[in-house]
Amino acid sequence: MAIMDRFRGHSHPSPASSSTMIDQDPEKKPQMIQGGVKEIFRVRIIAMAIIVSMGGFIFGYDTGQISGFLEMPDFLDKFADQRNAQGELVFSNWKSGLIVALLSIGTLMGALIAAPIADKFGRKYSIIFWNIIFCVGVIVQITTTTTWYQISLGRWVAGLGVGGLSVLTPMYQSETAPRYVRGALVSCYQLFITLGIFTAYCINYGTEDRTTSYSWKVPMGIGFIWSLLMMVGILFMQESPRWEYRRGKVDEARHTIALTYGVANDHPEVQREIQEIQKKLEAEQAGGGHHPWYEIFTGPRMGYRVLLGVTLQALQQLTGANYYFYYGTTIFQSVGIENSYITSMILGGVNFVTTFPGLYIVEKFGRRPALICGALWMFMCFLVFASLGHFALENPDGTTSQGVGYAMITFACLFIAGFASTWGPIVWAVVGEIYPSRYRAKAMALATASNWTFNFLISFFTPYITSAIDYRYGYVFAGCCFAGAVVVYFFVCESHGRTLEEIDTMYILHVTPWKSKHWKPTPGEELPALDNTYLTPGGRGIKKGNEARAPEQSRRESVPATEADMQASGARQE
């Protein structure tokens, strides 16, 4: 318990020892880079934001275009399975549900498969692999003629690629980005999702009046462009420095961190971050090299964090953003907008534009305040929207109650603005930060799979539920929004401005979430080790006989170190 008390700040080293340690380790001096305008808007940071976040654009574009296809005359003529009362071709609920939702099934599987591939081959080349899979799925769809299940199969294959990218994009950003802009960069994933959706709506609007397969095959084929841009761009980016270090590429990791911060390789900020990565790896090696897959649940505070990530991603879907897009056509009819493509463009435009403030909010106010306030805002919007729809709207299409319709449209847009600037982007940032390097890929895969699972359930069952309980369905989502605020307040630690290793330490030490903003590690002390703090000889992941092996010895046996690394380690031991 002594080591735990020390890192909680209950004891401090003597001034003399602290001074000596800082003199020997100049990187421990408080020379942390502050993220000003000059540091943030560098070419490399902007390139990272655009190129890597294209994974979100690909997902948003593929999601946005399918809703338009289902109403295009040629698509209906080739694949619809029934006629309505007016004799018009329409899709049955089960067929439209399968065509739309099979993408989510593919993304769920792709997210789970992506973790071991990313750990083995690296983040960079895994991104290229999943882009190729996405392109194969588009080819399967675009070559069909009259076979509806070929569209569904192609969306499933494309979903595998989208699912893999949904794990790798925030993972790469969180592992590579400078700490002062990490939240904004990871949040760019959601920004590009909204941009992709809006772009798809606009392109669909431009081709929907065509009576040939041109109307839906051209928007589908344009999807190749975004994937190609991402594959070419990522070739010019560096690999994740944390993956490089764990593979023994210490010099490459140091160089990558220096590039992302825009400083020299020996800058104190670079040395500090390298040391923290090193200490975490030493802790793992001290506990033995073999770590079975189930340690993502049994590792230090990992069960807590995996459940937290899964819950946050589920709640992101359960906030009900997709519900508004489903009901958008109906409520916009009350003000005379009959074209569903225009409706989609309005909602998609609000969704995209209001995501930009989220990139500022996440770095200015932190993760916790933004998520809590955003959840309460959405809770309020849903209560008003559902109450107006159920109690004040006189008939389903709103033609005799335009005032109510205007009010509902207003609160729909206010909700989307709240979601797009808080829960939309920031949940991806939080989930990308709370796991240690050893478990990050697998834990993020599970959390992301939770998102896709609820995405599928909501997209498939919403038509059936809304036909049974109309706008009262909104009260369910309102309750989920309020639950989201509670979960964040009691369980999420503030991670703004901290390195990934410091965030890991906060969860290991059971730092109280609502006090976590003010937590600081003891100056001059190493961060607590994972295995040698919580595990005992002969226990999980530690073989008897290895307990006496020093962390530094273990690291030398598993990871080659540079001469500078060994000199720094010797100085710390002295």
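Quick notes on this one:
- Only Cα pairs under 8 Å and 6+ residues apart enter the sum, and on that basis the relative contact order of the stretch 71-171 stands at 35 percent.
- Near the amide H of Glu71, within less than 5 Å, lie no amide hydrogens of residues on another chain or at least 5 residues away, with H placed in the peptide plane.
- Per-residue SASA entry for Met109, accessible area with 1.4 Å probe, Å² rounded to 10: 80 Å²
- Accessible carbon and sulfur surface of the stretch 190-330 relative to its total accessible area, %, 1.4 Å: 62 percent
- Gain upon complete extension [Tyr149, Asn93; 0.36 nm per residue less C-alpha separation]: 18.7 nm
- When only alpha carbons of the stretch 38-237 are considered, Rg and Dmax amount to 17.9, 62 Å.
- Distant-in-sequence amide contacts of Val90, defined by a placed amide H-H separation under 5 Å and a gap of 5 or more residues or a different chain, comprise Asp81, Gln82, Arg83, Asn84.
- Length added when fully stretched, Leu235-Asp266, from 0.36 nm per residue minus Cα-Cα: 8.6 nm
- Gain in span if fully extended, Ile465 to Arg210, counting 0.36 nm per residue against the direct Cα distance: 88.5 nm
- Per residue, the stretch 38-237 exposes 36 Å² of accessible surface when a 1.4 Å probe is rolled over the protein heavy atoms with every protein chain present.
The values are calculated or read from the model by the stated rules, or taken from the named source; none is laboratory data. From a predicted model like this one, the values you see are computed outputs, not experimental measurements. Surface accessibility is based on the protein's heavy atoms, side chains included, excluding ligands, DNA and RNA. Shrake-Rupley method; radii C 1.70, N 1.55, O 1.52, S 1.80 Å.
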